[in-house]
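A.B. asks: The following block contains the structure, expressed as structure tokens.
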Amino acid sequence: MNKKLIGIGLAIAFVIGFGSCKPKQSAYKSVYEAAKERDVEDNTTSAAVSKPAATTPTYTPSTNESVRKEKVTPVYESDASGLKAYSVVVAAMAMKPGAESLKERFGNDGYNIILARNEQGMYRVIIASYDSKEQAVAKKNEILAKYAELGDPSTLKAKYGIPFNDWWILQREY
């Protein structure tokens, strides 16, 4: 009888001991939620103070453009002659089907897109390629200004699947 009573007592103690434990929220989750709350507060505060948004996004061309240097090779042999020293890269993709899809979307707008691949296997979607940095920067600015007139950044991102504020100049290494 004592063994039964001890067993029942231990079982009740375990049920009470483990039943009252609640899983604790991770420290990362609490920090994330706090940051999210601050972001929401900042957005509501700035929305009340800021002036109304313009219908077209503001775009300021860059004259002092930095470049990234990479050794790239054209994916298709037909693109080899079009790949010059300085290129305007609209996206970097890990998967070839995504890069080809983007090539098709910009191709529908009349651009001759070049797909190039770097040594790490990333695909570079190139919208224009020139022998000089100045030409590449000018073309990048011209194309971005054209797209800025066509719609706001969220509309362009929905259509093309890429942000239009992340284009960059690639200097090809041989």
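The values are calculated or read from the model by the stated rules, or taken from the named source; none is laboratory data. Keep in mind the model is a prediction, meaning the values are calculated, not measured. Every residue, glycine as well, gets a Cβ built from its backbone with ideal geometry; the counts of neighbours run over all protein chains shown. The protein model used for the area step is the full one, side chains on, heavy atoms only, and it has no ligands, DNA or RNA in it. Shrake-Rupley method; radii C 1.70, N 1.55, O 1.52, S 1.80 Å.
A.B. asks: Considering each of 173, 134 in turn, give the residue that is touching a residue at least 60 places away in the same chain (Cβ under 8 Å), surrounded by fewer than 18 Cβ atoms within 10 Å (Cβ to Cβ) and more than 20 Å from the chain's Cα centre (by Cα).
C.D. replies: 173
A.B. asks: (1) closer than 21 Å to residue 65 by Cα; (2) touching a residue at least 12 places away in the same chain (Cβ under 8 Å): which one isn't true of residue 96, the others all being true?
C.D. replies: (1)
A.B. asks: Filter region 137-170 for residues that are of a type in the set (A, V, I, L, M) and open to solvent by 50 Å² or more (accessible area, probe 1.4 Å) and give the result.
C.D. replies: 138, 150, 158
A.B. asks: While we're here: Specify the residue that is surrounded by the fewest Cβ atoms within 10 Å (Cβ to Cβ); the eligible residues are those in region 80-91 that are closer than 23 Å to residue 164 by Cβ and out of contact with any Phe, Trp or Tyr (no Cβ under 8 Å at 6 or more places or on another chain).
C.D. replies: By that ranking, first place goes to 82.
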